[in-house]
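Heads up: the structure comes next, in structure tokens.
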Amino acid sequence: MSNSAPGVVGAKHWTVGRIARITVMVVIAAAFILPIIGFIAMAFRSQEGVLAGTDGFLGLGGVSWENAVYSWSQINGFGPGAGGLFTRWVGNSLVIAVVGGVLALVAALPAGYALARLRFRGRKVMLFATLLAMVMPNTVLVIPLFLEVNAIGAVGQLWPVALIMGFFPFGTYLVYIHFMTTMPQELVEAARIDGLSEISTFFYVALPISKQVIALVAFFSFVANWTNFFLPLALLTSNQENKTISIGIQELIGASPLFNATVAAGLDVKLYMPQLALATFLSMIPLLIVFLTAQRFLIRGQTVGAVKG
């Protein structure tokens with residue numbers, strides 16, 4: 001009886017309702033996953049196979065590494081002379097995203113800690129201003145920022161864009177919420193009893209237990225900077241080599257015979273669906289890497305047990 005009990009329990013566990021729920025979840029997952037698989041497969045197909053429609057289910061029958069190599073040669077050949085604009089755009093986006101993310105961390109961590117743990121005149125006004133800036137659409141600020149950058153003659157350069165990207169009020173709000181909800185007041189009081197100043201408390205008590213929020217701010221800042229379109233479009237269009245990948249993808253689409261046959265007629269490279277899919281897929285890889293790197297910090301509770309003992 002004891003040997004058959006687990007089997008009986010297991011058989012009862014698979015009820016009709018549970019099977020139905022699993023089936024529904026699998027169908028929904030397939031509805032999201034299959035288009036992604038088809039999109040990635042497009043980057044490894046040929047334009048001839050796409051037009052012929054003979055590549056099988058999701059185009060997997062026409063997938064080959066040679067097709068991807070050819071598509072890459074077309075993408076990297078885009079631009080005047082020897083081309084290479086695509087790799088330059090990716091490098092520009094990395095510089096802006098990383099520098100802007102570092103500046104966002106440097107500004108958001110102490111600002112969020114001060115708003116959460118310090119009591120000073122104007123604190124509520126600053127918190128309201130942070131929330132207001134956070135919900136304000138980015139497009140509203142594009143024209144004023146362009147006028148300011150143009151006034152110092154820096155339109156077309158990367159450093160103003162990277163500097164502006166460091167303004168990340170959402171990161172300040174995340175840090176504020178983190179220190180308000182997860183940093184025990186006992187830690188702050190113990191640090192003050194030990195004679196630590198507010199600056200020392202921030203560096204030696206608050207920061208060591210803030211890996212989770214640091215990862216959150218870094219991740220969201222990097223994603224926002226990498227995908228930002230309107231600000232680079234306004235400040236970097238005067239210099240073709242200093243554009244970012246978000247603008248570059250639009251340039252590639254506009255130079256494709258599928259969308260603009262007039263412009264494409266004067267180019268040595270031909271960008272069709274496989275080339276555009278490969279360019280888009282490559283532009284997503286840095287975001288995927290950052291997410292995979294940060295996720296192990298995002299799921300940890302850094303303050304668990306911090307006040308015990």
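Key figures
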| item | result |
| --- | --- |
| So residue 125, is it assigned to a helix (DSSP H, G or I), at pLDDT 90 or above and buried (at least 19 other Cβ atoms within 10 Å of the Cβ) | no |
| Selected residue [over 22 Å from residue 281 (Cα atoms), over 31 Å from the mean Cα position of the chain (by Cα), outside the structural domain of residue 288 (by TED's automatic domain parsing) and at pLDDT 90 or above] from 23, 15 | 23 |
| Qualifying residue in the stretch 259-273 (condition: in a helix (DSSP H, G or I), touching a residue at least 60 places away in the same chain (Cβ under 8 Å) and in the same structural domain as residue 112 (by TED's automatic domain parsing)) | yes |
| Residue in the stretch 234-253 that is assigned to a loop (DSSP other than H, G, I, E, B), closer than 24 Å to residue 168 by Cα and touching a Gly at 6+ places or on another chain (Cβ under 9 Å) present | yes |
| Cross-chain or 6+ apart pairs with Cβ under 7 Å, the stretch 88-102 first and of a type in the set (Ser, Thr, Tyr), then surrounded by 23 or more Cβ atoms within 10 Å (Cβ to Cβ) | 93/226; 93/244; 93/245 |
| Per-region count, the stretch 77-93, residues outside any helix (DSSP H, G or I) and under 18 Å from residue 254 (Cα atoms) | 6 |
| Residue within the stretch 213-233 that is among the aromatic types (Phe, Trp, Tyr) and modelled with pLDDT under 90 present | yes |
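The rows are residues; the columns are (1) surrounded by fewer than 14 Cβ atoms within 10 Å (Cβ to Cβ); (2) on the phi > 0 side of the Ramachandran plot; (3) not in a helix (DSSP H, G or I).
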| site | (1), (2), (3) |
| --- | --- |
| 36 | yes, no, no |
| 75 | no, no, no |
| 95 | no, no, no |
| 101 | no, no, no |
| 119 | yes, no, yes |
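The values are calculated or read from the model by the stated rules, or taken from the named source; none is laboratory data. Quantities reported herein were computed from a predicted structural model and do not represent experimental measurements. FYI the Cβ positions are ideal-geometry reconstructions off the backbone, even for glycines, and counts take in every protein chain you see.
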